[in-house]
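Below is one structure, written out as structure tokens; comments come after it.
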Amino acid sequence: MDEIAYRKQYKKKLFTAVTVRSPVARGRLRSIDSGSLPTGYRLITAADIPGKNRLTVFQSHMPVLAKDILSYRGMPLGLLVGNDEEELSTAAERIHIDAVPAEPRFLAATPGPATKESDYRISYGDMDFQKQQAVQVLEERISTPPQEHYYPEPHSAFALRKGREIEVHTYSRWPYHVKTTVAEVLGINPEQVSIQIKDEQTVLDGKVWSSSLVAAHAALAAWLTGKPVLLRYNRQEDFLYTSKRAPVSAQLRTHLSAEGYITAREIDISCDAGAFPLFEEEMLERICLGAVGQHYCPAMNLTGRIVTTNKPPMNAFEGLGTSQGLFISEVHGGRAAYMSEQDPYEWKKRHIKPDIEEEVPRFYREAEAVLPALESVVDRSDYRRKHAAYEMRRKRRSSLSKTIDMSRGIGLSTGYQGNGFIGRKEVKLSKTVRVSMDTAGNLSISTSSISEALQSYWKEMAARTLDISPEQVHFTSPATSTVPDTGPSILARNLTVTSRLLKQCFDAIKKRRFREALPIEIQRSYRLPPKHAWNHESFEGYPFPQSAWGASVVEVEVDSISFELTIRGIWLMISGGVVINRRRLVSSLEEGIRSALGWSYHEILSRGKAPDEGDWHRYHLLPPAATPPVYIDFLEDGNRSTIKGISQLPYSTIPPAFAVAVSQATGLDFDSLPITSERLKELEESS
Amino acid sequence: MIIDFVLNGKKVRLNSKPERRLVDILRDRYSISSITGDCYRGSCGNCMVLLQGRPVPSCLVLAANIRNKEIMTLEGFRNTDEYRDIEGGFEEAGVKLCEPVKPALILLVHDLIQREENPEQSEIRNIFRSIETRCGGESTLFRAIHLAAYFRRSRNGS
């Protein structure tokens with residue numbers, strides 16, 4: 001946010017808002033007392049909200065300001081506004097909050113009070129028969145930790161009241177959600193609300209609904225005071241009180257035949273959504289589908305549930321849960337291969353493309369598309385030779401500490417990126433683009449995406465299709481007053497869905513431009529293709545509008561004295577449509593690899609409690625300097641004109657490959673991340 | 001407390017509490033927008049400035065410590081040939097940085113190639129320890145820095 005520009009423009013008229021927060025993780029609010037405030041300053045509470053005190057995502061809600069029930073430490077319960085930051089800070093310290101604390105609930109490992117709506121089930125195949133075919137059972141619990149987004153800029157919003165209308169500036173991946181939230185909170189018509197959208201890189205599918213909360217606070221303060229209001233979290237506030245990647249825990253029971261084939265699988269998944277499950281339906285489905293994985297299983301019983309705890313809302317991260325689910329299925333699959341005493345590559349290949357007569361559900365058949373990437377990454381990393389050599393050494397030693405030199409391991413993993421929302425949700429979310437050509441032949445594109453890279457791609461696409469100069473292609477100002485509702489810009493929807501709609505608009509203009517008088521305006525909305533029908537209960541159809549595929553190998557080395565963990569190399573092979581700008585793609589994937597490795601062994605955030613000041617001081621990102629040698633390559637997938645989102649693939653494939661590699665190097669099994677040197681030492685000493 | 005210092009080549013006089021942080025002074029009093037007060041613990045790099053020619057996080061510098069010192073922010077550095085070397089390197093490598101991390105990276109690269117004409121990988125790695133960001137891929141960042149060093153050497157005729 002250009003805070004200085006606002007200060008220059010509005011000078012002393014600019015008010016700043018400070019969020020007053022709950023001091024307890026669980027409890028009841030009795031009162032908030034601001035004492036005497038400087039003239040013009042105001043404490044806004046839930047009682048002042050003119051509209052509805054709620055933020056809604058699909059069918060789920062959370063209060064915009066806590067009224068009586070306190071559900072997590074730091075939950076917003078008031079807004080203090082004034083025009084001098086120092087005075088504001090002093091006034092904030094004087095605020096007295098009378099709250100009755102209760103015992104908070106932080107752990108989601110055991111099934112909690114799941115709501116009926118949030119339960120998710122997959123059940124197919126003859127479970128009893130398939131269990132009888134098995135000779136051994138692999139049972140374990142695997143879990144994944146939370147992760148901080150660490151946005152380039154913490155959450156912020158600026159709001160300006162203009163009579164009966166309000167204008168809000170904020171970073172958001174879902175501008176129309178900000179608009180409807182602000183309208184609902186202020187009790188006004190959405191037409192009275194305009195949102196100016198700011199662009200931001202590397203938000204990892206975050207800032208979807210959380211920006212709407214901050215924007216609603218700024219708008220509420222501006223509406224009630226009549227002043228322009230700026231609300232900006234500092235980094236610590238953002239870290240402590242905004243949503244994180246949701247932690248997941250799964251109990252798995254896999255039945256294996258004498259030949260090592262999976263015959264049946266039972267999975268029970270809990271996802272900790274923190275105090276308020278928002279976006280939970282899509283997230284839970286993605287976690288569950290990830291946990292089903294790509295290895296064919298003839299009979300499956302899966303139950304997934306969202307569990308609420310007294311943490312800040314735990315929510316979307318890159319892929320909305322796919323990487324948590326895939327971590328579970330890939331690590332478990334790796335163990336199943338070991339248990340069957342089979343080469344993990346051969347075991348995986350046989351399960352991705354089973355040599356059987358009965359019909360395999362389409363969900364698994366689609367996964368065969370990962371095989372070229374799998375074979376390529378295995379070749380390039382010399383996986384089979386290294387795996388055999390390290391396995392021989394692993395079997396010879398009794399424990400890591402009895403090894404006198406470095407111990408090595410190598411892990412293999414495959415994964416996918418499901419672009420767009422699952423099934424009919426993609427249709428429910430408005431996805432409209434508008435393109436017009438004026439009398440001079442200039443093209444104007446209206447979409448809420450303001451990514452520079454995407455705009456440059458669309459410019460080239462328009463210029464090529466319509467045989468005009470890229471300079472003739474313009475984008476309308478990124479505000480809800482000028483662009484149509486294109487839904488949330490996450491899950492690579494802009495790259496896949498919007499690109500397709502824009503191409504349809506360009507083609508339509510191409511057909512009509514010499515037959516009709518200019519100007520021409522074309523609008524296109526997304527329709528679900530019939531082949532994308534999906535029924536999770538019967539496991540029929542395919543959930544994603546589009547998928548990209550990837551395979552990773554990670555090779556590690558562990559010092560048997562110091563337990564220092566070194567990654568010797570990472571290989572990532574991607575089969576994900578046409579490559580537009582290879583250098584930019586590699587750069588973006590390298591960013592993803594660094595964050596995926598951070599989740600795997602560096603970024604430590606306890607899942608057993610809400611983030612606190614200690615976490616804030618300890619939490620650090622993996623610097624670019626720490627990244628090991630990375631080899632990335634792309635495979636053509638046959639469709640040369642299809643552009644796909646692939647940036648989630650490092651998150652889906654690298655953490656499980658890493659965990660399996662460390663297991664081979666140490667002989668220890670890991671049921672969760674992060675795997676740090678300290679944890680290795682503890683595990684080795686206790687084993 | 002009256003404090004004289006040089007900001008982006010101009011002498012300035014400031015009346016401030018001695019414990020005020022430099023990042024807040026630069027933003028509030030001098031409208032320096034390239035930096036932000038973000039982590040306030042010196043780890044993110046978003047408030048990086050040159051103090052006596054060396055990069056420092058301005059959230060860790062107090063007003064009392066800048067008396068008679070020379071401070072340069074990205075706004076001032078942008079007008080120099082040294083900046084153009086780095087800008088050229090980043091453009092050539094195709095690096096698209098997140099805005100908040102830009103000043104830190106540019107000033108740190110300047111400091112590095114000022115000291116080392118042809119920096120080694122290990123020296124490049126060191127500068128990343130002063131910033132905290134998820135932005136930027138390794139290979140393009142490293143290439144950008146090598147190119148910036150090359151442009152600097154070419155301009156200096158070495």
Fill in: Residues (part of a helix (DSSP H, G or I) and without any contact (Cβ under 8 Å) to a residue 40 or more places away in the chain) located in the range A:422-447
A:K428
Worksheet item: Given the conditions (1) in contact with a strand residue (DSSP E or B) (Cβ under 8 Å, 6 or more places away or on another chain); (2) farther than 24 Å from A:Y631 by Cβ; (3) among the hydroxyl-bearing types (S, T, Y); (4) modelled with pLDDT of 95 or more, which single one is not true for A:T309?
Response: (4)
Practice prompt. May I ask you to list the residues in the range B:19-51 that are touching a Gly at 6+ places or on another chain (Cβ under 9 Å), outside any loop (DSSP other than H, G, I, E, B) and within 13 Å of chain A (Cβ to nearest Cβ)?
Written response: B:R21, B:V23, B:D24, B:R27
Discussion item. Being over 30 Å from A:D2 (Cβ atoms) and at pLDDT below 95 is true for just one of A:D268, A:D272. Which residue is that?
Written reply: A:D272
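This table checks each residue for (1) within 11 Å of another protein chain (Cβ to nearest Cβ); (2) crowded, with 24+ Cβ neighbours inside 10 Å; (3) touching a Gly at 6+ places or on another chain (Cβ under 7 Å); (4) closer than 22 Å to A:E460 by Cβ.
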| site | (1), (2), (3), (4) |
| --- | --- |
| A:V556 | no, yes, yes, no |
| A:F563 | no, no, no, no |
| A:I567 | no, no, no, no |
| A:L572 | no, yes, yes, no |
| A:V578 | no, no, no, yes |
| A:R583 | yes, no, yes, yes |
| A:S588 | yes, no, yes, yes |
| A:I593 | yes, yes, no, no |
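Select from the range A:448-459 the residues that are out of contact with any helix residue (DSSP H, G or I) (no Cβ under 6 Å at 6 or more places or on another chain) and assigned to a loop (DSSP other than H, G, I, E, B) and list them in ascending order. Walk me through how you get there before you give the answer.
From the range A:448-459, those out of contact with any helix residue (DSSP H, G or I) (no Cβ under 6 Å at 6 or more places or on another chain) are A:450-453, A:455-457; that's our starting set.
Within the range A:448-459, A:I450, A:S451 qualify.
Condition check ((1) modelled with pLDDT under 95; (2) touching a Lys or Arg at 6+ places or on another chain (Cβ under 7 Å)) across all residues:
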residue	(1), (2)
A:R515	yes, no
A:Y526	yes, yes
A:P529	yes, no
A:E537	yes, yes
A:G550	no, no
A:V553	no, no
A:T566	yes, no
A:R583	yes, no
Practice prompt. Name, by its number, the condition in (1) part of a helix (DSSP H, G or I); (2) under 30 Å from A:K348 (Cα atoms) that does not hold for A:A250.
Written response: (1)
Fill in: Residues of the range A:44-94 satisfying the condition of being over 23 Å from the mean Cα position of the chain (by Cα), surrounded by 15 or more Cβ atoms within 10 Å (Cβ to Cβ) and in a strand (DSSP E or B)
A:I44, A:T45, A:L70, A:P76, A:L77, A:G78, A:L79, A:L80, A:V81, A:G82
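May I ask you to list the residues in the range B:3-46 that are among the aromatic types (F, W, Y) and over 30 Å from B:R134 (Cβ atoms)? Can you show your working first?
As a first pass, look at the range B:3-46 and keep what is among the aromatic types (F, W, Y): B:5, B:30, B:40.
Across the range B:3-46, the qualifying residue is only B:F5.
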Discussion item. Consider the range A:134-178. How many of its residues are under 28 Å from A:I287 (Cα atoms), more than 17 Å from the chain's Cα centre (by Cα) and either in a helix (DSSP H, G or I) or of a type in the set (S, T, N, Q) (or both)?
Written reply: 5
Worksheet entry | A:P38 outside any strand (DSSP E or B), surrounded by fewer than 21 Cβ atoms within 10 Å (Cβ to Cβ), modelled with pLDDT of 95 or more and touching a strand residue (DSSP E or B) at 6+ places or on another chain (Cβ under 9 Å) | no
Discussion item. Can you say whether A:S407 is under 20 Å from A:Y526 (Cα atoms), assigned to a strand (DSSP E or B) and more than 31 Å from the chain's Cα centre (by Cα), as far as the supplied structure shows?
Written reply: no
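Pick out the one residue from A:R30, A:R21, A:R54 that is in contact with a strand residue (DSSP E or B) (Cβ under 8 Å, 6 or more places away or on another chain), over 30 Å from A:E280 (Cα atoms) and among the charged types (D, E, K, R). Break it down stepwise before answering.
Numbers: A:R21 fails: over 30 Å from A:E280 (Cα atoms); A:R54 fails: over 30 Å from A:E280 (Cα atoms).
Result: A:R30 is the single residue among A:R30, A:R21, A:R54 that is in contact with a strand residue (DSSP E or B) (Cβ under 8 Å, 6 or more places away or on another chain), over 30 Å from A:E280 (Cα atoms) and among the charged types (D, E, K, R).
Look through the range A:224-250, keep the residues that are away from chain B (no Cβ under 12 Å) and of a type in the set (A, V, I, L, M, F, W, C), and return whichever of them is farthest from A:V214 (Cα to Cα). Reasoning before the result, please.
Narrowing the range A:224-250 to residues away from chain B (no Cβ under 12 Å): A:224-231, A:240-250.
Now drop any that are not of a type in the set (A, V, I, L, M, F, W, C), which leaves A:224, A:229-231, A:240, A:246, A:248, A:250.
On the way: A:L224: 16, A:V229: 12, A:L230: 10, A:L231: 7, A:L240: 15, A:A246: 20, A:V248: 27, A:A250: 33 Å.
In this case the residue turns out to be A:A250.
Kindly indicate the residue of the range B:1-19 that is among the charged types (D, E, K, R) and within 10 Å of B:R67 (Cα to Cα) and also surrounded by the most Cβ atoms within 10 Å (Cβ to Cβ) among those meeting that condition. Spell out how you get there, then give the answer.
Of the residues in the range B:1-19, the ones among the charged types (D, E, K, R) are B:4, B:10-11, B:13, B:17, B:19.
The next check asks that each one be within 10 Å of B:R67 (Cα to Cα); those that pass are B:4, B:13.
Details: B:D4: 12, B:R13: 8.
Selected residue: B:D4.
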Discussion item. I'm trying to understand the selection: among the residues of the range A:599-630, which are within 18 Å of A:G569 (Cβ to Cβ), in a helix (DSSP H, G or I) and facing another protein chain (nearest Cβ under 9 Å)?
Written reply: A:P624, A:A625, A:A626
Fill in: Residue tally, condition within 14 Å of chain B (Cβ to nearest Cβ) and hydroxyl-bearing (S, T, Y), over the range A:1-42
3
Worksheet item: If we keep just the residues of the range B:74-119 that are over 17 Å from B:S154 (Cα atoms) and β-branched (V, I, T), which is modelled with the lowest pLDDT?
Response: B:V95
Discussion item. Considering only residues that are away from chain A (no Cβ under 14 Å) and under 17 Å from the mean Cα position of the chain (by Cα), which ones fall in the range B:129-154?
Written reply: B:A148, B:A149, B:R152
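Results for (1) modelled with pLDDT of 85 or more; (2) of a type in the set (F, W, Y); (3) in contact with a His (Cβ under 9 Å, 6 or more places away or on another chain), shown as yes or no for each residue.
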site	(1), (2), (3)
A:S413	yes, no, no
A:E426	no, no, yes
A:S430	no, no, no
A:V435	yes, no, no
A:A440	yes, no, no
A:S449	no, no, no
A:W458	yes, yes, no
A:M461	yes, no, no
A:P484	no, no, no
Worksheet item: Mind checking whether some residue in the range B:85-94 is more than 8 Å from chain A (Cβ to nearest Cβ) and among the aromatic types (F, W, Y)?
Response: yes
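How many residues are closer than 16 Å to A:S588 by Cα and in contact with a helix residue (DSSP H, G or I) (Cβ under 8 Å, 6 or more places away or on another chain) when one looks only at the range A:194-208? If you could, list the steps in order and put the result at the bottom.
So the first thing to find is which residues in the range A:194-208 are closer than 16 Å to A:S588 by Cα, and the list is A:200-205.
When the remaining residues are screened for being in contact with a helix residue (DSSP H, G or I) (Cβ under 8 Å, 6 or more places away or on another chain), the result is A:202, A:204.
Selection size over the range A:194-208: 2.
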Worksheet, complete the sentence: By residue number, the members of the range A:606-621 that are over 22 Å from A:T653 (Cβ atoms) and in contact with a helix residue (DSSP H, G or I) (Cβ under 9 Å, 6 or more places away or on another chain) are A:S606, A:K609, A:A610, A:P611, A:D612, A:E613, A:D615, A:W616, A:Y619, A:H620
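The values are calculated or read from the model by the stated rules, or taken from the named source; none is laboratory data. Predicted model, so just to flag it, every value in this text is computed and none were measured. For neighbour counting, all protein chains shown are included, and Cβ atoms are generated from backbone atoms with ideal geometry for every residue, glycine included.
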